[in-house]
Amino acid sequence: MMTTADMALKMDPTYVEISKRFHKDHKAFEDAFARAWFKLTHRDMGPKSCYFGPDVPQQDLIWQDPIPEGKIAYNIESVKEKILNSGLSISEMVSTAWDSARTFRGSDKRGGANGARIRLSPQKDWEGNEPKKLLKVLSVIQSIAAEFGISIADTIVLAGNVGVEIAAKNAGLKIKVPFAPGRGDATQEMTDIESFEPFEPVADGFRNWQKKEYIVSPEELMLDRTQLMGLTAPEMTVLLGGMRVLGTNFGGTKHGVFTDRVGVLSNDFFVNLTDMNYSWKPVANNLYNIVDRKTGATKWTATRVDLIFGSNSILRAYAELYAQDDQKEKFVHDFVKVWSKIMNADRYDLN
């Protein structure tokens, strides 16, 4: 008795050649089976740096997403100064660092900023990464990395940190975003293109973007991204509010940018989200006009992702906390904390 799967190994022209090869070469079959079994039982453990014990294979396997060690000893402040004077905007620095790090998946410990695979195929061509803008930013980042002899991955994260620090300074707070050097740069040969293709984001609520309309709602897609990255509801809330006022929306859209001070790390998003002087009027394609109740004039536009932080009772509570006048400093510090968490999510060497 044979199943259709068994029959395919005899009848399919591709599978039958594999079957014949294993039939003639039992050693090759043993090796292939051992490798397949090892991959099956270790695929969700992340890179080899997460393994320990005497049986860890010495060989680097491409499905482990290998990343070479990066440089640790260098003058971080000098690099930051160079980035500061590079001409890159806050939006460009923060959104590029975010796009690089948002691929992290706590489910199988893959993705993240380490390796700087955002500059390689297939990530460099993903629509959600805005390839043209990405190419411009990476050309600056790569030249700075080459000048200091450090990894592009470290430089991308440092640039994001610089953007956040400038925005906090614009808000009247002097802060230093934590940074741990040592990221390496993966090569194209170290990257299994096919296995990274499913990583491509189809939506990013934090940048108020969606590739197309889906059965799943935009806010549910944002929740999926949030849980994959290991964020809590309060972390999701403060992160989104900060991303909005930093002007990181995909394509520079103004949806959800509830501030007249873009580039200032303020709590304006929450203040205006909860302001009862405005009402939300639905328009086409999950969009809303936010209008003045007295004059009827449209002040801002927003999406369902923005709306959920005002309409969901739990998220509304978090939003109202950050909207308070005496919580401006807490908002900045909480944003920096979750930002650092995301940038270091795949730094298993730090744990």
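Data for the structure
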quantity: Selected residue (only one of 16, 79 is surrounded by 15 or more Cβ atoms within 10 Å (Cβ to Cβ) and β-branched (Val, Ile, Thr)); calculated: 79
quantity: Unique match (being modelled with pLDDT of 95 or more and either within 15 Å of the chain's Cα centre (by Cα) or under 25 Å from residue 263 (Cα atoms) (or both)) among 121, 100; calculated: 100
quantity: Segment 252-274 residues that are within 18 Å of residue 238 (Cβ to Cβ) and outside the structural domain of residue 300 (by TED's automatic domain parsing), paired with ones that are surrounded by fewer than 18 Cβ atoms within 10 Å (Cβ to Cβ) and of a type in the set (Phe, Trp, Tyr) (beta carbon under 8 Å, 6 or more apart); calculated: none
quantity: Inter-residue pairs, beta-carbon under 6 Å, first farther than 15 Å from residue 227 by Cβ and in segment 103-121, second assigned to a loop (DSSP other than H, G, I, E, B) and of a type in the set (Gly, Ala, Ser), 6+ apart; calculated: 112/345; 115/186; 117/186
quantity: Every residue from segment 314-351 that is in contact (Cβ under 8 Å) with a residue 12 or more places away in the chain and among the small types (Gly, Ala, Ser); calculated: 319, 323, 340, 345
quantity: Subset of segment 203-222 (residues that are surrounded by fewer than 19 Cβ atoms within 10 Å (Cβ to Cβ) and touching a residue at least 60 places away in the same chain (Cβ under 8 Å)); calculated: 211, 213, 217
quantity: Residue that is surrounded by the fewest Cβ atoms within 10 Å (Cβ to Cβ) [pool: residues in segment 296-323 that are in contact with a strand residue (DSSP E or B) (Cβ under 7 Å, 6 or more places away or on another chain) and closer than 19 Å to residue 245 by Cβ]; calculated: 299
quantity: Failed item, numbered, when residue 161 is tested on (1) buried (at least 22 other Cβ atoms within 10 Å of the Cβ); (2) within 22 Å of residue 270 (Cβ to Cβ); (3) not β-branched (Val, Ile, Thr); calculated: (2)
quantity: Failed item, numbered, when residue 177 is tested on (1) touching a Lys or Arg at 6+ places or on another chain (Cβ under 9 Å); (2) assigned to a loop (DSSP other than H, G, I, E, B); (3) in contact (Cβ under 8 Å) with a residue 60 or more places away in the chain; calculated: (1)
quantity: Residue in segment 33-41 that is outside the structural domain of residue 265 (by TED's automatic domain parsing), surrounded by 12 or more Cβ atoms within 10 Å (Cβ to Cβ) and within 26 Å of the chain's Cα centre (by Cα) present; calculated: yes
quantity: Residues of segment 97-137 that turn out to be part of a helix (DSSP H, G or I) and closer than 19 Å to residue 182 by Cα, as a count; calculated: 7
quantity: Segment 223-236 - residue that is in a helix (DSSP H, G or I) and not charged (D, E, K, R) and, of those, surrounded by the most Cβ atoms within 10 Å (Cβ to Cβ); calculated: 236
quantity: All helices (runs of 4 or more DSSP H) inside segment 269-351 with 1 or more residues being under 26 Å from the mean Cα position of the chain (by Cα), of a type in the set (Lys, Arg) and more than 22 Å from residue 208 (Cβ to Cβ); calculated: 328-343
quantity: Enumeration of residues in segment 199-237 that are farther than 16 Å from residue 305 by Cα and over 14 Å from the mean Cα position of the chain (by Cα); calculated: 232
quantity: From 252, 242, 256, 247, residue being of a type outside the set (Val, Ile, Thr) and touching a Lys or Arg at 6+ places or on another chain (Cβ under 7 Å); calculated: 256
quantity: Filter result (buried (at least 17 other Cβ atoms within 10 Å of the Cβ) and either under 15 Å from residue 145 (Cβ atoms) or not assigned by TED's automatic domain parsing to the domain that holds residue 128 (or both)) within segment 182-198; calculated: 182, 183, 184, 185, 186
quantity: Test: residue in segment 39-51 that is assigned to a helix (DSSP H, G or I), without any contact (Cβ under 8 Å) to a residue 24 or more places away in the chain and of a type in the set (Lys, Arg); calculated: yes
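Residue-by-condition table, conditions (1) in contact with a Phe, Trp or Tyr (Cβ under 9 Å, 6 or more places away or on another chain); (2) under 28 Å from residue 99 (Cα atoms); (3) not hydroxyl-bearing (Ser, Thr, Tyr):
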{"position": "239", "(1), (2), (3)": "yes, yes, yes"}
{"position": "288", "(1), (2), (3)": "yes, yes, no"}
{"position": "291", "(1), (2), (3)": "yes, no, yes"}
{"position": "321", "(1), (2), (3)": "yes, yes, yes"}
{"position": "328", "(1), (2), (3)": "yes, yes, yes"}
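The values are calculated or read from the model by the stated rules, or taken from the named source; none is laboratory data. Remember, it's a predicted structure, so these values are computed and weren't measured experimentally. So basically every Cβ, Gly included, is an ideal-geometry build from the backbone, and we count neighbours across all protein chains shown.
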